[in-house]
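The block underneath contains the structure these notes are about, expressed in C-alpha cells.
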Amino acid sequence: MNRFLDFLLTQRFFVFLITAILIITGLVSWNRLPIDAFPDVTNVQVMILTKVPGLTSLDVEQRVTFPIEQHMGGLPQVKQVRSVSKSEISQVVVIFEDDTNIYFARQLVFERLAEARESLPPGSSPEMTPISTGLGEVFQYTLDSDELSPTELRTLQDWVVAPQLRTIPGVTEINSFGGFVKQYHVIVNPSALEKYELPLRSVIEKLEENNANAGGSFIVKDWQQTFIRSLGLLTSIEDIGNVVLKDNEGVPVLVKDVAEITTGAQTRQGGVTRDDKGEVVAGMVIMLQGANSKNVVEDVKEKVPHIQKALPKNVKLNPFYDRTSLIQACIKTVVDAIGEGGICVIFVLFLFLAELRTAAVVLFSIPMTFLVSFIIMDLSGMSSNLMSLGGLAFSVGMVVDATIVVTENARRHLALAKPDETRMAIVSRSVQEVVRPVSFSIFIVSLILIPLFTLQGMEGKMFIPLAQTMLIALLVSLGIALFIAPALSESLLPRGKEYEFPFVSWFHRLYGRTLNICLKYQWTTITLSLLLLIGTASLALGLGTDFMPELDEGAIAINSVRLPNASLAGSVKVADEIGRMLKVVPEIETVVGKTGRAEISEDPMGPEQTDFVIMLKSRRDFPQGRSKAEVTEHIRQVLNQVPGLRHSFSQPIALRVNELISGIKSDVAVKVFGDDLDLLAKYAGEVAAILATTPGAYDTKSAQLSGMRQLDIQIDRAAAARYGLNAGDVNELIETAVGGKVATTIIEGQRRFDLQVRYPENMRKNQDDIMNLRIRTPGDNLIPLRQIASIKAVEVPIEVKRENGIRSLVVETNVRNRDLGSFIADLQERLEPLEAKLPTGYFLSLGGQFENQQRAMKRLGLVVPVVLLFILILLVMALGKLRDALLVITILPFALVGGIIALWLWEMTFSVSAAIAFIVLLGVAVQDGVLLISFMRQLLDEGKELPVAIRQACALRYRAIMMTTLTSFIGHVPMLLSTGSGADIQKPLALVVNGGLVSSTLLTLYVVPVVFGLLERRYARSDEQDVKEKAAADK
C-alpha cells in the first residue's frame, strides 16, 4: 500500500486524467440510465384468460378453470396457482419464484395449455395475457367527440389509434375500454324460417360458406402467367342479404327474405365515463416488462400528435394519466434531497475545516462518488428510481466520511510537520495512518447492508435497489478517499497552522471539559446510559408496526361495488353521476370511471364493480391548502350520498400491484377456505362482522358470492326423445337464438367485424318468450320449447375463487388510524373462537401487507445476528484485540436509542423502512467506534499513559467524528422535510438514522472512552497480577 500511495502521489497528472475520464463517463451513464418512479415489485406470474360465452361461474369453474389448474400443477418453480371463475370468463394466475425468467415461465405454461385445450369446451380458447407488470399501465387516454357515436369512437380506437401505438418499442398491448364494438347483425325472423322450412342452423352455415375468396392457380399465355382469384367475400349489408339459403321451386330464398341485416354492437361487459362528459372510449398503453417507462411514455407522447392528424377533426385524443408526471415528481424528490443535502454538507464542512481548499477536497468526493456510481449502475443494468436514487440521497452525508478522515488527517500532519519534510512524504504518512481503520469501517458499514439483500418478495424488490446503490456509493467513496483524495490533498492543502472558527473551538473545549466529568464519574455515566437504554426499550415495545409507508402517487383510486345483479347500463349511469358529483371537489383534475371489464382485462370485474381513477391537481394548485388525507375524506363524504355502494380507497398503481401480486385490493384480507360455497358464505359473513368491528378497520367488504340471478332451462330428456330431439338441439337453439352466434367475419379493408346471427329482442326478452321459441324436430315439425323443457329462476355465485386448488372467499379491509401490527394481533385474537368451530377441511388464512411484513421481519431476524458475527470478526482484524471488538459490539444497542426516541416523538410506526434504517445505523455506530478505539489503541502502543491516550485520542478525533456525524445528519434533513411524491417512504429512514446519529455520537464521544478506560485498567490489573504470580512461582 505504501508503494502504491507513493506512485499515486508522484503520478498526480495520471490520477487527474483518470478522474476526468470518470467524470465524463459518469455524465454519459446518468443520461443512459432507465428511469421509473418506483421499483417494479410485481411477482413473476403468467395470467391465463379464457372466454367461454354462455357459461355461468360454476360451469366455468368446473369445465374451464379446474382443467387448466390441473395441467398447471407440477410445473417447476411454481409458488402458487390461484383463479377466479366468473360468468363467461376464467382467470388463472400461475405465480413463479422471483428468480424465474418470465419467458421460460411463459414457455412452460404455453406447453401445458396446449394439453389443456383438449379438456376444454368447444369454442373456448385460453390465452396468456401480455408480458407486463403492475407498473405496466403507463399512459391512459380517452377519445372525445360531441358528434361521433360511441361505436364510431371505438372503431377509431381499435383500428386507427391502437395499431399505431402498438408499433412503439416497449409497448406490449393497447387495451381498449368502453364504447361499442361494431358488429353486423342478422336478426332472423322465426316465422320466415318456418315459412320456407329452413332450420336456423342453415343461416349460419350458408353465411360461413359464402364469405371467402378462392384461388384458381394461374394460366400461362405466351411468356406470361396470370393468377386467377374468385372474389366471394361479403363486403356490405347488401352482400349479406343476397346470400342464397335454398331454392324454393326455382325461386331463391335469400338471407334478406328471412332476416333483417343491420349494423349493431357486440355484447359488452364494461363501460367508461369521464367527468361530466358521459360515456367515453378509453385506451390504456401497456408497457412491456423490463422496458424503460420514461422512454416509452415519451415515445407515446411524441406519437400522439401524428395519431391526432389521422383522426377526424371532431375527435380529440385526450390523455388523463401520464406516468412521466409521477416519475418526474419522484425523481425530483430524490434529486432535490441530494442537492439540498449536498449544500448542507458543504456548509458543515466549511464550519469545521474553515478553509476553502480543504473543504473543496472533501466536497469533490460527493459528485465524484455519484458519477462513478452511475457508471456502475449503468454497467449492471440498474434503473434510476425512487429507491435506487434514494440510496444515493440516503448516503449523501456518508460518502464523505472516508474522505473527511483522510483529508483532515493529512491537513493535521501538514500543520505539525517539520519544514524540511516533503509534502508527498507527509501526505503519504498521514494516509497510511488511517487507511486501515477507514477501510475496515467502510467494509463494516457495507457488510451491515447484506441483510437487505436477503429480503424477498415485495419488500426485497423495493429495498434491494436502495441497498445496492448505498453499497456501490460507499465502496466508491472509499476508492476516492484512498486514490484521488491523497493526490488532491498533496496539491491543494496548505501547510500552515490549522484554523478553527471561534465557536467551533469553544465547542471543542466544552467537549473536553464534559469528557473529563464523565471520566471522573465513570460509573454514573454508565448507569445513566443503562437507564436510558432500559427506558428506550420500554418505548420500543409500545411502538406500533407496519409494513411500509404509503407511496403518494398524486392520484386516488376507488373500487365501488354494487349488488351482484346490477346491469352494465345502470352501473355506467351511476358512475357517470358520481363523476359529476366529484368534480365539485376543487382539488380534483379529472375523474374516470371504469365499470366492468374490457375485452382484454387482467382484472375480470363484473358490471357491479367500478374502478374510479381520480387525478388530483398539483399540490401547489390545491385551492384550500388541504392535505391529501383531507381531500380523500371529502371524497368519501360525497360518495356516501349515493346509497347502495361500498367503496375501497387506494391509489392507481397500488391497486393494480396488490391485485396482481395477491389478488387482493386492500391492506388486510381474511381468506376462508373450504369446499361448500354456502358454508364459505356463512363463515365469510361471520368474519366480515368481526373484521368490521375491529378498531382501525375501514372499507370492510366481503367478496360477493350470491345474489346473481340466472334462468336455468331444464331439458326433459324423455319428452325430447319422443320427438327425436337431444339436449344438443336445445342448446344450439338457446345459444344461437337467444345468446347470438358469430357466423363469420366481415372484412372492410384492414378492419374486421363479426357477423352475428340472432332472434329479434322481442322474442327473447323474458321467460315466456324463451319458452315459446319453436324448435324443429327431425321430422320437420315445429314444437314450442316448453313441451320438452322447463325454466326457473335461480340464484348462483357471482364468482368462484380458488387458491392452490381449494375454493376460497375473501373478506378485505383497509387499516386507518392504527398500526398494522396491533390490528393483526387484535384481529387474530377475535378470530380464534370462529377458527375453533370450523369443520374439518375449512380454515382461515390472513393475507395482504401483513404477509410481507412478517416475511421481512423474520428474514431480518435470522440474517442480522449472522452479519453481526462477521462484523465482530472484521472488528478483531481491524482493532487487533478481541476486547476492543467486543466493546464496539456491546455498545451497539445504545446507538439505537436515538432512533427509537425519534419514532416515538414523531408518532411513527416500526416499519420495514425503519428496520432498514436501524440496520444502517448499526454500521454508522461501528464506524465511529472503530475510528476512536483504533486511535486510542495506537497511542497506547506508542507508550502514552492510559488517561493521556484517551483524552488525546478524543481531542484529535473529535473534529473528524463530528464532521462525519453532522454531514450525515444534515445530509438527511432534506429527506426528512421533503413533501414530494415518494417522500413518505424515505422519512422513516432519515428520521431513524438522524435520531440514532445523535445517540451514537454521544455514545462514541463519552461512553466509549469511559468503558475503554475501565476495561484497560481491569486488564492491566489482571496482567500485573499474572506477572506477580509468575515471579512468585519462579522464586
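Of the residues making up the stretch 978-1006, those that are surrounded by fewer than 22 Cβ atoms within 10 Å (Cβ to Cβ) and either under 13 Å from LEU932 (Cα atoms) or of a type in the set (A, V, I, L, M) (or both) number 4. If the condition is being of a type in the set (A, V, I, L, M), part of a helix (DSSP H, G or I) and in contact with a strand residue (DSSP E or B) (Cβ under 7 Å, 6 or more places away or on another chain), then the stretch 829-879 contributes only LEU831. Looking only at residues in the stretch 551-572 that are out of contact with any strand residue (DSSP E or B) (no Cβ under 9 Å at 6 or more places or on another chain) and among the charged types (D, E, K, R), the one that is modelled with the lowest pLDDT is ASP552. Would you mind telling me which numbered condition in (1) in contact with a Lys or Arg (Cβ under 9 Å, 6 or more places away or on another chain); (2) surrounded by fewer than 18 Cβ atoms within 10 Å (Cβ to Cβ); (3) closer than 18 Å to GLY544 by Cβ GLN854 fails? The failed condition is (1). Test THR590 against the criterion of being within 27 Å of the chain's Cα centre (by Cα) and within 30 Å of ILE798 (Cα to Cα), and give yes or no. So THR590 does not fit the description; no.
Could you tell me whether the stretch 477-484 includes any residue that is assigned to a loop (DSSP other than H, G, I, E, B), of a type in the set (Val, Ile, Thr) and crowded, with 21+ Cβ neighbours inside 10 Å? Yes, the stretch 477-484 contains a residue that is assigned to a loop (DSSP other than H, G, I, E, B), of a type in the set (Val, Ile, Thr) and crowded, with 21+ Cβ neighbours inside 10 Å.
Could you identify the single residue in ASP336, ASP378 that is charged (D, E, K, R), crowded, with 18+ Cβ neighbours inside 10 Å and either at pLDDT below 80 or over 30 Å from ILE961 (Cβ atoms) (or both)? Break it down stepwise before answering.
Numbers: ASP336 fails: crowded, with 18+ Cβ neighbours inside 10 Å.
Result: ASP378 is the single residue among ASP336, ASP378 that is charged (D, E, K, R), crowded, with 18+ Cβ neighbours inside 10 Å and either at pLDDT below 80 or over 30 Å from ILE961 (Cβ atoms) (or both).
Can we say GLY381 is out of contact with any Asp or Glu (no Cβ under 7 Å at 6 or more places or on another chain), outside any helix (DSSP H, G or I) and farther than 20 Å from GLN986 by Cα?
It is true that GLY381 is out of contact with any Asp or Glu (no Cβ under 7 Å at 6 or more places or on another chain), outside any helix (DSSP H, G or I) and farther than 20 Å from GLN986 by Cα.
Here THR1001 passes the criteria (1) over 17 Å from MET398 (Cα atoms); (2) of a type in the set (Ser, Thr, Tyr); (3) at pLDDT 85 or above except the one numbered (1).
When you check PHE352 against the structure, is it assigned by TED's automatic domain parsing to the domain that holds ILE404, touching a residue at least 12 places away in the same chain (Cβ under 8 Å) and either farther than 30 Å from GLU577 by Cβ or touching a strand residue (DSSP E or B) at 6+ places or on another chain (Cβ under 6 Å) (or both), yes or no? Talk me through it step by step, then tell me what you get.
Details: assigned by TED's automatic domain parsing to the domain that holds ILE404: yes; touching a residue at least 12 places away in the same chain (Cβ under 8 Å): yes; either farther than 30 Å from GLU577 by Cβ or touching a strand residue (DSSP E or B) at 6+ places or on another chain (Cβ under 6 Å) (or both): yes.
Yes; evaluated as a whole, the condition is true for this residue.
Considered as a group, the residues in the stretch 362-398 that are of a type in the set (A, V, I, L, M) and touching a Phe, Trp or Tyr at 6+ places or on another chain (Cβ under 8 Å) include one that is nearest to LEU956 (Cα to Cα), and that residue is LEU392.
One residue stands out among those in the stretch 166-218 that are among the acidic types (Asp, Glu) and assigned by TED's automatic domain parsing to the domain that holds LEU234: the one that is nearest to ALA291 (Cα to Cα), which is GLU208. Only one entry in LEU691, LEU639, LEU705 is of a type outside the set (Ser, Thr, Tyr), touching a Ser or Thr at 6+ places or on another chain (Cβ under 6 Å) and surrounded by 15 or more Cβ atoms within 10 Å (Cβ to Cβ), namely LEU691.
What number of residues within the stretch 113-137 satisfy the criterion of being surrounded by 13 or more Cβ atoms within 10 Å (Cβ to Cβ) and farther than 29 Å from LYS461 by Cα? Total meeting the criteria: 9.
May I ask you to say which residue of GLY943, GLY929 is on the phi > 0 side of the Ramachandran plot and small (Gly, Ala, Ser)? First the steps, then the outcome.
Numbers: GLY929 fails: on the phi > 0 side of the Ramachandran plot.
Checking each option against the conditions leaves just GLY943.
When the stretch 140-160 is filtered for residues that are of a type in the set (A, V, I, L, M, F, W, C) and either within 29 Å of SER90 (Cβ to Cβ) or in contact with an Asp or Glu (Cβ under 6 Å, 6 or more places away or on another chain) (or both), only TRP159 remains.
Tell me, which strands (runs of 3 or more DSSP E) lie completely within the stretch 250-342 with 3 or more residues that are under 30 Å from TYR196 (Cα atoms) and either more than 22 Å from the chain's Cα centre (by Cα) or among the aromatic types (Phe, Trp, Tyr) (or both)? Walk me through how you get there before you give the answer.
Working: elements: 251-254, 259-265, 270-274, 279-287, 316-322.
Counting at least 3 such residues, we get 251-254, 259-265.
Considering only residues that are surrounded by 11 or more Cβ atoms within 10 Å (Cβ to Cβ) and part of a helix (DSSP H, G or I), which ones fall in the stretch 213-244? Passing the criteria: ILE237, ASP239, ILE240, GLY241.
Scan the stretch 489-521 for residues that are buried (at least 16 other Cβ atoms within 10 Å of the Cβ), more than 51 Å from the chain's Cα centre (by Cα) and part of a helix (DSSP H, G or I) and the total you get is 1. Just checking, does the stretch 434-446 include any residue being buried (at least 24 other Cβ atoms within 10 Å of the Cβ) and among the polar types (S, T, N, Q)? Yes, some residue in the stretch 434-446 is buried (at least 24 other Cβ atoms within 10 Å of the Cβ) and among the polar types (S, T, N, Q). In this structure, ASP158 does not satisfy being assigned to a loop (DSSP other than H, G, I, E, B) and either of a type in the set (Asp, Glu) or not assigned by TED's automatic domain parsing to the domain that holds GLY749 (or both).
For ALA902, the criteria (1) at negative phi; (2) among the small types (Gly, Ala, Ser); (3) surrounded by fewer than 22 Cβ atoms within 10 Å (Cβ to Cβ) hold in every case but one, which is (3). The strands (runs of 3 or more DSSP E) falling completely within the stretch 19-122 that include 3 or more residues that are among the charged types (D, E, K, R) map to 78-86.
With the structure loaded, tell me whether VAL930 is exposed (fewer than 15 other Cβ atoms within 10 Å of the Cβ), assigned by TED's automatic domain parsing to the domain that holds VAL348 and either outside any helix (DSSP H, G or I) or among the aliphatic types (A, V, I, L, M) (or both) or whether it fails that test. Explain how you work it out, then say what you get.
Working: exposed (fewer than 15 other Cβ atoms within 10 Å of the Cβ): no; assigned by TED's automatic domain parsing to the domain that holds VAL348: yes; either outside any helix (DSSP H, G or I) or among the aliphatic types (A, V, I, L, M) (or both): yes.
So VAL930 does not fit the description; no.
Scanning the stretch 752-805 for residues that are surrounded by fewer than 20 Cβ atoms within 10 Å (Cβ to Cβ), closer than 30 Å to ILE661 by Cβ and among the basic types (Lys, Arg) gives a single hit, ARG802.
In this structure, does ILE661 turn out to be at pLDDT below 90, more than 16 Å from LEU844 (Cβ to Cβ) and of a type outside the set (Asp, Glu)? First the steps, then the outcome.
Values: at pLDDT below 90: yes; more than 16 Å from LEU844 (Cβ to Cβ): yes; of a type outside the set (Asp, Glu): yes.
Spelling it out, ILE661 is indeed at pLDDT below 90, more than 16 Å from LEU844 (Cβ to Cβ) and of a type outside the set (Asp, Glu).
For PHE894, are the conditions met, namely being out of contact with any Pro (no Cβ under 6 Å at 6 or more places or on another chain), within 27 Å of ALA540 (Cβ to Cβ) and touching a residue at least 12 places away in the same chain (Cβ under 8 Å)? First the steps, then the outcome.
On the way: out of contact with any Pro (no Cβ under 6 Å at 6 or more places or on another chain): yes; within 27 Å of ALA540 (Cβ to Cβ): yes; touching a residue at least 12 places away in the same chain (Cβ under 8 Å): yes.
It is true that PHE894 is out of contact with any Pro (no Cβ under 6 Å at 6 or more places or on another chain), within 27 Å of ALA540 (Cβ to Cβ) and touching a residue at least 12 places away in the same chain (Cβ under 8 Å).
The values are calculated or read from the model by the stated rules, or taken from the named source; none is laboratory data. As the structure is a prediction and not an experimental result, all values here were calculated from the model. Note that each Cβ is placed from the backbone with ideal geometry, even for glycine, and that neighbours are counted across all protein chains shown.
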